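The values are calculated or read from the model by the stated rules, or taken from the named source; none is laboratory data. The shown structure was predicted, so the numbers you read here are calculated from the model rather than taken from an experiment. All Cβ positions, glycine included, derive from the backbone under ideal geometry; neighbour counts span all protein chains shown.
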Amino acid sequence: MDPETNDATAPDVSETQEQTTTDRLAQATQSLADALVNINAQFESLHAKVDHIVAAIDEGTLHAAAGNKLADLEKANHDLKAQAARARRKTLSPLVTTLLAKEGVEGDALIETPIVEKALAGLSIEQRIAVKAELARAGILT
């Protein structure tokens, strides 16, 4: 064998091996790049889902907080209405006060129906109805 021939074929084999190795590295690099693209896409998808879940939880928390606040406001409103009903001025007309005073009843005390009937015996039916309505509106009639 001629040493020059061996030298000529040796670089060809070496170049072929280098080319094969380079091709393999290029394929591996491309595979890694593809895998990285897939992983990034999955990450973005999961990130979007997590953001959606967090938004849903925050919205639920806001709805719950709003619901609690609404319940608190409704309770406060109910309490204020009850206070207003208790604090309402219970005044009677002079006619009703005079009629009740004749029967020995103070105008701001709770009055039972039989006492009212006795006190209003001398009035017409229309007048009785008007006096009873006034007593009921003032919260005195039981």
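Suppose the filter is surrounded by 10 or more Cβ atoms within 10 Å (Cβ to Cβ), at pLDDT 90 or above, part of a helix (DSSP H, G or I) and within 45 Å of the chain's Cα centre (by Cα); does ASN40 pass it? Criteria met by ASN40.
Inside the range 67-102, can you point out the residues that are of a type in the set (D, E, K, R) and modelled with pLDDT of 70 or more? Residues satisfying the conditions are LYS69, ASP72, GLU74, LYS75, ASP79, LYS81, LYS102. For the residues GLU117, GLU126, the requirement of being surrounded by fewer than 10 Cβ atoms within 10 Å (Cβ to Cβ), over 46 Å from the mean Cα position of the chain (by Cα) and either in a helix (DSSP H, G or I) or modelled with pLDDT of 90 or more (or both) singles out GLU126.
Remark: pairs (first residue in the range 115-128, assigned by TED's automatic domain parsing to the domain that holds THR98; second residue at pLDDT 80 or above and not in a helix (DSSP H, G or I); Cβ separation under 6 Å; 6+ apart in sequence or on different chains) = ARG128/LEU120. Are there any pairs, at least 6 apart or on different chains, whose C-beta atoms fall under 9 Å, with the first in the range 84-97 and closer than 20 Å to ARG128 by Cβ and part of a helix (DSSP H, G or I) and the second of a type in the set (S, T, N, Q) and at pLDDT 75 or above, and if so, which? Going by the 9 Å Cβ cut-off, the qualifying pairs are LEU95/GLN127.
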